[in-house]
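Asker: Shown below is the structure under consideration.
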Amino acid sequence: DVYKRQYQRRVRADATGIVEAWRHFLNASSNREVKANGPYLYDLVDISSQVLFNLFSDFHLEFQEVFQEWQFHNINSSLEVISLSSKMLELIKDIDLVLGSNVNYLLGIWIETAKSWATDAEEAALYEYNARNQITLWGPDGEINDYAAKHWNGLVGDYYFRRWNLFTSTLSQAVLKGYHVDFDKYLADLLALEQAWDSESKLYPILPSGDPLAISRAMLVKYATDPTTSSYTRYPNTDAPGNDITSRNTWTTDVSQLKILCDANPSCKGFNSNGWLKTDVSKTVAANSFLYVKKV
């Protein structure tokens, strides 16, 4: 999936640095150091959405591993799975909102341009199918699936949202009802969903919506600022070895984002500054890191 590949490329990108760049980029406009013109707003939407895509990758990692507690170890992780799936779907909608604020990130323009070449309704339907198929399945049965994936408003908020909703609901229902997922059936259902979307004729916006500056600032507050719903005690030069929620550390090590990731998981009791979320922080050792312990 396009979002999964984001995580696989993590070694080539500094997710924490991009968060800080986002803050500086917005501050430059607030301090009138730069003019919020077309090129600036294009880059702002690009940076804002990239930070959110990166954070989604960490949510996906967390979700995947708490689900595996059930799938492979029969440990009930329903609270964690449901909470994280809700956050993931909410984040997809927020990414779509960001992308929809700039004309350069609209699926509607792609589809309407393809249809404009047609000479009749039948030809328009064919061109629309081809336009949709090229950026999704690339072939009737997903022969080169996601090869031309795009970060576009409409594609993210509708097509990708549907796919992730199917994924999270399939796994959540398995944990809630106590059965293991039939992934062959899931993949068949996924292909059917994708093929159905390619054959639709739903209209998508061809004009941007909302103020990109205001939307980006709101996303910064929501996804890169210390949450007001919880608080943590920070211990310098300290770590709590073991009891890691994930088998690898999170892509981001931005403290505000680590708090958001920990808050979304009921079993998370804290984290260290290297991006390791913890289910137990009671046993500590001296270390070259900060330990953040969630206040009860």
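Asker: Residues that are surrounded by fewer than 19 Cβ atoms within 10 Å (Cβ to Cβ) and out of contact with any helix residue (DSSP H, G or I) (no Cβ under 9 Å at 6 or more places or on another chain): which strands (runs of 3 or more DSSP E) entirely in the range 181-296 hold 2 or more of them? Spell out how you get there, then give the answer.
Answerer: Details: elements: 232-235, 270-272, 291-294.
The strands (runs of 3 or more DSSP E) meeting that bar are 232-235.
Asker: Right, next: Regarding VAL45, is this residue open to solvent by less than 30 Å² (accessible area, probe 1.4 Å), of a type in the set (Val, Ile, Thr), over 17 Å from CYS268 (Cβ atoms) and touching a Pro at 6+ places or on another chain (Cβ under 8 Å)? Explain how you work it out, then say what you get.
Answerer: Numbers: open to solvent by less than 30 Å² (accessible area, probe 1.4 Å): yes; of a type in the set (Val, Ile, Thr): yes; over 17 Å from CYS268 (Cβ atoms): yes; touching a Pro at 6+ places or on another chain (Cβ under 8 Å): yes.
In short, yes.
Asker: Return the pairs, sorted by first residue and then second, in which the second residue is open to solvent by 80 Å² or more (accessible area, probe 1.4 Å) and in a helix (DSSP H, G or I), the first residue lies in the range 192-211 and is at positive phi, the beta carbons are less than 8 Å apart, and the residues are 6+ apart or on different chains.
Answerer: Taking only residues 6 or more apart or on different chains, the pairs are GLY210/LEU97.
Asker: Kindly establish whether ILE144 is of a type in the set (Val, Ile, Thr), open to solvent by 20 Å² or more (accessible area, probe 1.4 Å) and free of Cβ contacts under 8 Å to residues at least 40 places away in the same chain. Walk me through how you get there before you give the answer.
Answerer: Details: of a type in the set (Val, Ile, Thr): yes; open to solvent by 20 Å² or more (accessible area, probe 1.4 Å): yes; free of Cβ contacts under 8 Å to residues at least 40 places away in the same chain: yes.
So ILE144 passes the test.
Asker: Let me ask you something else. Is at least one residue of the range 36-53 hydroxyl-bearing (Ser, Thr, Tyr) and without any contact (Cβ under 8 Å) to a residue 60 or more places away in the chain?
Answerer: To start, the set of residues in the range 36-53 that are hydroxyl-bearing (Ser, Thr, Tyr) comprises 40, 42, 48-49.
Pick out the ones that are also without any contact (Cβ under 8 Å) to a residue 60 or more places away in the chain and you get 40.
The answer is yes; a qualifying residue exists.
Asker: Only one of THR229, THR233 is touching an Asp or Glu at 6+ places or on another chain (Cβ under 7 Å), over 30 Å from THR136 (Cα atoms) and not aromatic (Phe, Trp, Tyr). Can you tell me which?
Answerer: From the options THR229, THR233, the qualifying one is THR229.
Asker: Let me ask something else about it. Can you confirm whether TRP152 is surrounded by fewer than 22 Cβ atoms within 10 Å (Cβ to Cβ), more than 30 Å from TYR179 (Cβ to Cβ), in contact (Cβ under 8 Å) with a residue 24 or more places away in the chain and in contact with a helix residue (DSSP H, G or I) (Cβ under 8 Å, 6 or more places away or on another chain)? Before the answer, list the steps.
Answerer: On the way: surrounded by fewer than 22 Cβ atoms within 10 Å (Cβ to Cβ): no; more than 30 Å from TYR179 (Cβ to Cβ): yes; in contact (Cβ under 8 Å) with a residue 24 or more places away in the chain: yes; in contact with a helix residue (DSSP H, G or I) (Cβ under 8 Å, 6 or more places away or on another chain): yes.
No, not satisfied.
Asker: A further question follows. Taking SER169 and the conditions (1) under 20 Å from GLY142 (Cα atoms); (2) part of a helix (DSSP H, G or I), which numbered condition does it fall short on, given that it satisfies the others?
Answerer: Just one mismatch for SER169, condition (1).
Asker: Sticking with this one: Closer than 30 Å to GLN71 by Cα, open to solvent by 20 Å² or more (accessible area, probe 1.4 Å) and in a helix (DSSP H, G or I): is that true of LEU176 in this structure?
Answerer: Details: closer than 30 Å to GLN71 by Cα: yes; open to solvent by 20 Å² or more (accessible area, probe 1.4 Å): yes; in a helix (DSSP H, G or I): yes.
Yes.
Asker: So, in the range 120-156, exactly how many residues are of a type in the set (A, V, I, L, M), part of a loop (DSSP other than H, G, I, E, B) and farther than 25 Å from ILE92 by Cβ? Give the derivation first.
Answerer: Taking the range 120-156 first, the residues of a type in the set (A, V, I, L, M) are 121, 124-126, 131, 135, 137, 144, 148-149, 155-156.
Pick out the ones that are also part of a loop (DSSP other than H, G, I, E, B) and you get 135, 137, 144, 148-149.
Still in the list and also farther than 25 Å from ILE92 by Cβ: none.
Of the residues in the range 120-156, 0 are of a type in the set (A, V, I, L, M), part of a loop (DSSP other than H, G, I, E, B) and farther than 25 Å from ILE92 by Cβ.
Asker: Are any residues in the range 224-252 farther than 22 Å from SER86 by Cα and of a type in the set (Val, Ile, Thr), and if so, which ones?
Answerer: Within the range 224-252, THR233, THR238 meet the criteria.
Asker: Sticking with this one: Being crowded, with 16+ Cβ neighbours inside 10 Å and farther than 11 Å from SER172 by Cβ is the filter here; which residues of the range 67-82 pass it?
Answerer: GLU69, GLN71
Asker: Do the conditions hold for GLY108, that is, is it among the small types (Gly, Ala, Ser), in contact (Cβ under 8 Å) with a residue 24 or more places away in the chain and in contact with a strand residue (DSSP E or B) (Cβ under 6 Å, 6 or more places away or on another chain)?
Answerer: Numbers: among the small types (Gly, Ala, Ser): yes; in contact (Cβ under 8 Å) with a residue 24 or more places away in the chain: yes; in contact with a strand residue (DSSP E or B) (Cβ under 6 Å, 6 or more places away or on another chain): no.
No; evaluated as a whole, the condition is false for this residue.
Asker: Next question, about the same structure. Among (1) out of contact with any Lys or Arg (no Cβ under 9 Å at 6 or more places or on another chain); (2) without any contact (Cβ under 8 Å) to a residue 12 or more places away in the chain, which single condition is MET88 missing?
Answerer: Going through (1) out of contact with any Lys or Arg (no Cβ under 9 Å at 6 or more places or on another chain); (2) without any contact (Cβ under 8 Å) to a residue 12 or more places away in the chain one by one, MET88 breaks only (2).
Asker: Give the range 158-173 a look and list any residue that's without any contact (Cβ under 8 Å) to a residue 40 or more places away in the chain, polar (S, T, N, Q) and open to solvent by 50 Å² or more (accessible area, probe 1.4 Å), or say none.
Answerer: GLN173
The values are calculated or read from the model by the stated rules, or taken from the named source; none is laboratory data. Keep in mind the model is a prediction, meaning the values are calculated, not measured. Note that we place each Cβ from the backbone using ideal geometry, even for glycine, and neighbour counts take in every protein chain shown. To get the accessible areas, we keep the full protein, side chains included, count just its heavy atoms, and leave off ligands, DNA and RNA. Shrake-Rupley method; radii C 1.70, N 1.55, O 1.52, S 1.80 Å.
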